[in-house]
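Where a number appears in this text, it was derived from the coordinates with a stated rule and is not lab data. If you're wondering where the values come from, they're calculated on a predicted model, not measured in any experiment. Note that each Cβ is placed from the backbone with ideal geometry, even for glycine, and that neighbours are counted across all protein chains shown.
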Amino acid sequence: MPGRKAFRKLFAAALTAVCAVLVINAYPSRPSGAEISPSSLTRDGFAVLEIELPDYTESEIERDVWKPAVYSLSWDGKKLSGESARIKGRGNYTWGQSKRPYTIKCDRKTDWFGFGAARDWVLLANVTDQTHMRNLVALTFAAEFGFTFTPECRPAHVFINGSYNGLYLITEKVEIDRERLAIDELGGDMLFELDNNYGWSEPDNFVSDFGNLFVAKDPSREKLNSEKGKTVSFSKAFSDARKKINAFEKASAEGFASYSEYIDVDSLVDWYIFNEIMKNDDTLFNSSIYLYNDYGGLLHMGPVWDYDLAMGGIDRNDGKNLDPEGFMFLEDYWGRPNWMKNILTDDTFLAMVSERWTNLRAKGLFEEILSFTELMRGRLKEAAQTDHDLWGGNGVFVRSETYDLAVDHLKDFLTKRIGWLDSQWNGSGVTAAPATASPVTAAPTATAPVTDGGYASPSPQRTGPASPEGTDGTGAVISSTDGGNDYTVLNYVLLFTGVAAGTFLVIMIVFAAMRAVAVKRGRDAGGTDK
């Protein structure tokens, strides 16, 4: 029998192997992006954002502390170079993922992509969405609804300290600004977020009488109180909005004549229809529900935000999130304080929904957005695969074997969802055929030039995403293959190594127990341990 030292070495080796496998599987190592250069990505139609962090690394970026940075941004033959800014992290769940989202605050107002000069820009990592498309599709779609403001957005390659950090979606920030949500903050207008998940940590929040947690997002107390031209203090604006929100939520159960005194119902109709189409888990009175108060007028729903889990992007609540049928606000699977359940008993509101739906349907908006989704498949596929090679798809809730299958799932959900809602709202009482979009026979590649300034340029004035040319007219989904690496081989190797190491460890433990028994018996018989 081997001696004690030999056994200890074997045991330590087995334990180390098991721990190593567990660590590797729990925290996959990030492949280096150093071999990817900005110059290799400047011709594929994407923007390229290069961020330099003076004297610190990406891992030292904090979520709640602004740190200095310098950036350069290239797009469509234009370039901003050596611009000073600050950077911090953002998000809640997504901030805890390996690929993290950020906010850039420029030292001066700067126009990115022709969206309008502003200081704050958001870098969405889209870690939960294998298609990298849900936020892009949602914001492009929302722009057609005519909300007072919908953030414009564009996919971009992002480099940090010279190393490729992946594919991001750069968007405008949801904020009060002349180029964004252009309301009168000096006159008491205020933007709020209903955030029952995370709002407790925010300053200037309140719980409504109905039970929802609202957070004043813009302007901040410090910002408004420091403005010389204000006519309403922060405390007065906040108090007025709080009273109006409480009155609206209470009136939601009292019929149209009552609740319409407090809210712009047209914005509520659009917000409701949009979020039923998206079937967005967060919007079911969890978080990311924005509304603003016109100090001398009504509450308005919007802007819309945060759709990376929408459109079948997460499997929760006994599969209801994946089911393209059923009214989300009536299913109410979270049990949050839900005033939409009250409003949906009102015949006047339901008639407005049906009329608005018919109007949107007549514009061809639903077919348009499905065509846009197909168009984006071709443009995003290569970049999404590069991002996957870098990060391994960590954080994705609903995973498909290939990128094309992931897009097929998204498109199938939208097609069936629109078809089901049409059967409920088109006024005919007959189940309508689902909206379909003719797929492109040769999808544009990621290297296709983009001359219109971006992949999505939503604004109330735009006419919608262009339908792709070259269709077969059948409406059938054209299948395609994806040569993407899902790290299947590596996973099997790690699994085999883990099982082998675990088995060896068990054998060592049994061996140790047997040896201990043998030693004890030897001692009892007067022997010695060698």
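Name the shape class, rounded, prolate or oblate, that the alpha-carbon gyration tensor gives for region 265-410, where a ≥ b ≥ c are the square roots of its eigenvalues, rounded holds for a/c under 1.5, and otherwise prolate holds if a/b is larger than b/c and oblate otherwise. Note, shape of region 265-410 comes out prolate.
Where both bridge residues fall in region 38-361, DSSP classifies roughly 90% of the beta bridges as antiparallel.
Charged side chains reduced to their Cβ positions (Lys and Arg at +1, Asp and Glu at -1) give region 209-358 a dipole of some 860 debye around its Cα centre. Rounded to the nearest 20, the size of the Cβ-charge dipole of region 38-361 about its Cα centre is 840 debye, with Lys and Arg at +1 and Asp and Glu at -1. With Cα atoms defining each centre, region 118-164 and region 237-277 are spaced 28 Å apart in the structure.
The alpha carbon convex hull volume per residue for region 38-361 rounds to 141 Å³.
Going from the fewest other Cβ atoms within 10 Å to the most, the residues 153, 106 appear in the order 106, 153. The residues 181, 186, when put in order of fewest to most other Cβ atoms within 10 Å, stand as 186, 181. When each of the peptides 355-361, 416-422 is scored by the mean number of other C-beta atoms lying within 10 Å of its residues, the order from highest to lowest reads 416-422, 355-361.
Going from the residue with the fewest nearby Cβ atoms within 10 Å to the one with the most, 252, 354 rank 354, 252. Computed extension gain for residue 57 through residue 389, at 0.36 nm per residue and net of the alpha carbon distance, reaches 117.4 nm. The packing ranking, built from the mean of other Cβ atoms within 10 Å per residue, places the peptides 212-219, 77-84 in the order 212-219, 77-84, highest first.
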